[in-house]
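*Asks:* First, the structure itself, so that you have it in front of you.
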Amino acid sequence: MNITYNEASRTFHLFNRHISYIITILPNGHLGQLYFGKKLRPREDYAHLLEMVPRSMSSYVFEHERTLSLEHVRQEYGVYGSSDYRIPAVEILQGNGSRISDFCYESHKITKGKPALAGLPATYTEDEEEAMTLTLVLKDALTGVELSLLYTIFAQGGILARSAHFTNQGTEAVHLLKAMSLCMDLPDCDYEWIQFSGAWARERHPRVRRLEQGIQSVGSMRGNSSHEHNPFLILKRPQADEFQGEALGFSLIYSGNFLAQAEVDTHDTTRVLLGIHPEWFDWKLEPGESFQTPEAVMVYTDQGMNALSQTFHELYRTRLARGYWRDRERPILVNNWEATYFTFTQEELLDLAKTAQKAGIELFVLDDGWFGKRENDRTGLGDWTPNRDRLPQGIPGLAKKIHELGMKFGLWFEPEMVNKNSDLYRAHPDWILAVPGRRQSQGRYQHVLDFSRPEVVDYIYDRMAAILEGGYVSYVKWDMNRSITECWSAALPADRQGEVFHRYILGVYRLYQRLTDAFPQVLFESCASGGGRFDPGLLYYAPQAWTSDDTDAVERLKIQYGTSYCYPVSSMGAHVSASPNHQLMRDTPLHTRANVACFGTFGYELDLNRLSPEELQEIKCQTSFMKKWRWLLQFGVFYRLQSPFAGNTAAWMTVSPDREKAIVGWYRILNTVNPPYTRLRLAGLDPDRLYTVREGDRQLGQFYGDELMYAGLVTSDQNSGEALDGAEPSCDFDSKLYILE
């Protein structure tokens, strides 16, 4: 890993054993992009990669000189309007109405390690030898605005982290209307674009299409990263697949409005932009004020999509997630929501907890309905005081009884929202986001508290801290159940209303930071009606997230498969729920529900007291299995093998770092009659090691790693869909776990 600067050629080269990233200073002082890809051998001059030729109908930077047109040069942080007609990375409104900027190189600094970003989540290092950072300082001489571009290259993996920092060193205020975290100009457009889209209960389905001339983009203007689109984008070569070929991943460490965009011009150059969505964004910079963009992470591989994902997994699991629970196996929990919803008594909760404890479950989580006058979703939200009718001794009394059973206790909050029928709203009606004189839209009968206001964040912190300090609480499920409408703050002047969306997210981060600092051993799980804010920004504070409100095992195959392209298994909240499923009314076998959920932070969300003795015994076996193998399931190297989007079967596996052990999950959606023989090619094993393969208590044989990877593991239906004597029955929604040692 190194960062070099050649004074003669004015070229920066960032490289490690995987990648090279090469930047040059253009003749006009702007920064040009020369190369990003597989590592190149260091040399003094890469001038041949900068191509400038005269073209009719182009505009040029210098008078009487027809070579440097910014329209046809690959740039590091493009600005519209001075011979570049593409969508820019930055737009600054100045006092005279102009939006033209001219950011020219002034200086640079190369440092070991990685600086933190004030008030924002970001990747980090634990040792300065893990990374190096290049800071390029640019200046717009007319306005006095200084732009610092930060590039961090890590020693391991094809990873580059980027962000931008603006400081107004001029004498007049300016308005930052657009400030992308990443601008990346690629020399061609021979890529397939993969986005991860969906809606509530069907999040992060991969959508693939070829890049074409013009603009394609995804984003969110909902105030949260959203169920609809994830702040993650892949560009891959058309020939690339899970195990070979070039791919580029772009991920934004942010939880609010975002834009991910690729613009292909008519010369087939591709510009990738990633950052805060510019719509409704307007950040006023008074003289002396600064603005820091969120961090964007780029990953390059020439080893296929699994390698790309594994790089993100390792980085985000170990150098984005933080704290006590980062490297610890997650407790097996039961959540009472789908068992009781709002209707429960303390005795009913304890009865459920006793059954859970006997089944081997380690954590009891009390969901919505424990506070204020919360009898349904129309009242009480925001009043974070225990309901004494339901919990006579409050949270401490219930939690103590749970602890006496030998279990940990967890609690649900939705701190960012309020019902109008609440004491909090009646006391502070101006604390919601709402435009004076306009209709106040509601979602799920609730309104959004104005987290751009420090006093609102302070109030919620005090209420939550009071519960956590006295309640023996080991786990917090932090929910967020509606997007922002009527985004206007009573605390800001008219010329700063464009800051509210971003200030809101900064307020969310401030509250998370204060709580995780004050209660470092509490396990936080983020949630937003399931996957509405499943993004890297929150992974920095909460090492796991509720992947989706859809707990149907068949749908979860797709959701967890799509999520795995960027996010590690240890971040995916996954539960065994009731059957028929509460979202789809589908009946699935208990073993399949567990076989899907175990590739995540495992738990249960159903009424255990309504199960048969045989089912409770099966759950006891599942929890025993999970306790033995969760270290591998949650922290192993994950491979996608067969896509649930492509056929009737799906498969994935996780391998220990030393390649001594592996667990394979195989899933068939619908049963088949008289099917062909099938084999599943495994991945990540040591070809020279002999593995014992088991399915449940049954040993299938011993096979070398090369056999299992190249010839495949036999997964044929042994009774061909018939109910034969002595044969293991098969069914719809069937599944198997294979253990390799």
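The values are calculated or read from the model by the stated rules, or taken from the named source; none is laboratory data. All figures in this text were calculated on a predicted structure; none of them were measured in a lab. We place every Cβ from the backbone using ideal geometry, glycine too, and count neighbours over all the protein chains shown. Accessible surface areas use protein heavy atoms only, side chains included; no ligands, DNA or RNA. Shrake-Rupley method; radii C 1.70, N 1.55, O 1.52, S 1.80 Å.
*Asks:* What residue, of 489, 474, is surrounded by 22 or more Cβ atoms within 10 Å (Cβ to Cβ), out of contact with any His (no Cβ under 8 Å at 6 or more places or on another chain) and closer than 27 Å to residue 387 by Cβ?
*Replies:* Of the residues listed, the single one that is surrounded by 22 or more Cβ atoms within 10 Å (Cβ to Cβ), out of contact with any His (no Cβ under 8 Å at 6 or more places or on another chain) and closer than 27 Å to residue 387 by Cβ is 474.
*Asks:* Sticking with this structure for a sec: Are there any pairs, at least 6 apart or on different chains, whose C-beta atoms fall under 6 Å, with the first in segment 590-601 and more than 9 Å from residue 735 (Cα to Cα) and the second among the polar types (S, T, N, Q), and if so, which?
*Replies:* From residues that are more than 9 Å from residue 735 (Cα to Cα), the pairs are 594/622; 601/544.
*Asks:* With respect to residue 532, determine if the residue is surrounded by 24 or more Cβ atoms within 10 Å (Cβ to Cβ) and under 25 Å from residue 119 (Cα atoms).
*Replies:* Judged against the criteria, residue 532 is a match.
*Asks:* Which ones in segment 136-154 are surrounded by fewer than 22 Cβ atoms within 10 Å (Cβ to Cβ), in a strand (DSSP E or B) and in contact with a Cys (Cβ under 9 Å, 6 or more places away or on another chain)?
*Replies:* Passing the criteria: only 139.
*Asks:* Among what's in segment 584-608 and is more than 22 Å from residue 671 (Cβ to Cβ) and touching an Asp or Glu at 6+ places or on another chain (Cβ under 8 Å), pick the residue that is surrounded by the fewest Cβ atoms within 10 Å (Cβ to Cβ).
*Replies:* Filtering first and then ranking leaves 607.
*Asks:* Then there is this: Working only within segment 15-39, note down all residues that are aliphatic (A, V, I, L, M) and either closer than 30 Å to residue 65 by Cβ or open to solvent by 60 Å² or more (accessible area, probe 1.4 Å) (or both).
*Replies:* The answer is 22, 23, 25, 26, 31, 34.
*Asks:* Counting just the residues of segment 188-224 that are outside any loop (DSSP other than H, G, I, E, B) and open to solvent by 50 Å² or more (accessible area, probe 1.4 Å), which one comes out farthest from residue 301 (Cα to Cα)?
*Replies:* Taking segment 188-224 first, the residues outside any loop (DSSP other than H, G, I, E, B) are 192-197, 205-210, 214-220.
Now drop any that are not open to solvent by 50 Å² or more (accessible area, probe 1.4 Å), which leaves 207-210, 215, 217.
Details: 207: 20, 208: 18, 209: 20, 210: 19, 215: 24, 217: 22 Å.
Among them, the one singled out is 215.
*Asks:* Within segment 425-442, can you find the residues that are part of a helix (DSSP H, G or I) and either more than 17 Å from residue 500 (Cα to Cα) or in contact with a Pro (Cβ under 6 Å, 6 or more places away or on another chain) (or both)?
*Replies:* Hits for segment 425-442 are 425, 426, 427, 429.
*Asks:* Take the residues in segment 687-701 that are surrounded by fewer than 12 Cβ atoms within 10 Å (Cβ to Cβ) and not aliphatic (A, V, I, L, M), then tell me which one is farthest from residue 735 (Cα to Cα).
*Replies:* Residues of segment 687-701 surrounded by fewer than 12 Cβ atoms within 10 Å (Cβ to Cβ): 688, 690, 697-699, 701.
Filter once more, so that each one left must be not aliphatic (A, V, I, L, M): 688, 697-699, 701.
Details: 688: 28, 697: 15, 698: 15, 699: 17, 701: 19 Å.
The selected residue is 688.
*Asks:* Please work out if residue 656 is surrounded by fewer than 21 Cβ atoms within 10 Å (Cβ to Cβ) and touching a Leu at 6+ places or on another chain (Cβ under 6 Å).
*Replies:* Working: surrounded by fewer than 21 Cβ atoms within 10 Å (Cβ to Cβ): yes; touching a Leu at 6+ places or on another chain (Cβ under 6 Å): yes.
Yes, satisfied.
*Asks:* For segment 265-347, give me every one of the strands (runs of 3 or more DSSP E) that falls completely inside it and has 1 or more residues that are without any contact (Cβ under 8 Å) to a residue 40 or more places away in the chain, in contact with a Lys or Arg (Cβ under 9 Å, 6 or more places away or on another chain) and open to solvent by 60 Å² or more (accessible area, probe 1.4 Å).
*Replies:* none
*Asks:* Another question, then. When segment 85-96 is examined, which residues are found to be open to solvent by less than 50 Å² (accessible area, probe 1.4 Å) and over 33 Å from the mean Cα position of the chain (by Cα)?
*Replies:* The answer is 94, and nothing else.
*Asks:* Looking only at segment 243-259, count how many residues are under 21 Å from residue 19 (Cβ atoms) and either open to solvent by less than 30 Å² (accessible area, probe 1.4 Å) or not acidic (Asp, Glu) (or both).
*Replies:* Number of matching residues: 10.
*Asks:* Enumerate the pairs (first residue in segment 118-139 and among the charged types (D, E, K, R); second residue anywhere and part of a strand (DSSP E or B)) with beta-carbon separation below 7 Å, excluding pairs fewer than 6 apart on the same chain, so at least 6 apart or on different chains.
*Replies:* 128/112; 129/112; 130/154; 139/103; 139/104; 139/106; 139/146
*Asks:* For segment 155-166: of the residues being out of contact with any Lys or Arg (no Cβ under 8 Å at 6 or more places or on another chain) and open to solvent by less than 20 Å² (accessible area, probe 1.4 Å), which is farthest from residue 16 (Cα to Cα)? Walk me through it before giving the result.
*Replies:* Looking only at segment 155-166, we keep the residues that are out of contact with any Lys or Arg (no Cβ under 8 Å at 6 or more places or on another chain), and these are 155-160, 162-166.
Add one more test, that the residue is open to solvent by less than 20 Å² (accessible area, probe 1.4 Å), and what stays is 157-160, 162-164, 166.
Values: 157: 8, 158: 8, 159: 9, 160: 10, 162: 16, 163: 20, 164: 22, 166: 28 Å.
My answer is 166.
*Asks:* So, one more: Give the residues of segment 394-418 that are free of Cβ contacts under 8 Å to residues at least 40 places away in the same chain and open to solvent by 20 Å² or more (accessible area, probe 1.4 Å), sorted by residue number.
*Replies:* Of everything in segment 394-418, just one residue is free of Cβ contacts under 8 Å to residues at least 40 places away in the same chain and open to solvent by 20 Å² or more (accessible area, probe 1.4 Å), namely 404.
*Asks:* For segment 661-741, list the strands (runs of 3 or more DSSP E) that sit wholly inside it and hold at least 1 residues that are in contact (Cβ under 8 Å) with a residue 40 or more places away in the chain; which are they?
*Replies:* In segment 661-741, 662-668, 690-695, 734-740 are the strands (runs of 3 or more DSSP E) which contain 1 or more residues that are in contact (Cβ under 8 Å) with a residue 40 or more places away in the chain.
*Asks:* Which condition number in (1) at pLDDT below 95; (2) open to solvent by 10 Å² or more (accessible area, probe 1.4 Å) is the one that residue 506 fails?
*Replies:* Here residue 506 meets the rest and fails (1).
*Asks:* Say whether the condition of being open to solvent by 30 Å² or more (accessible area, probe 1.4 Å), in contact (Cβ under 8 Å) with a residue 40 or more places away in the chain, charged (D, E, K, R) and within 26 Å of residue 555 (Cβ to Cβ) is met by at least one residue in segment 634-643.
*Replies:* No, the conditions are met nowhere in segment 634-643.
*Asks:* Can I ask one more? Would you mind telling me which numbered condition in (1) in contact with an Asp or Glu (Cβ under 8 Å, 6 or more places away or on another chain); (2) under 28 Å from residue 314 (Cβ atoms); (3) aliphatic (A, V, I, L, M) residue 740 fails?
*Replies:* Exception for residue 740: condition (1).
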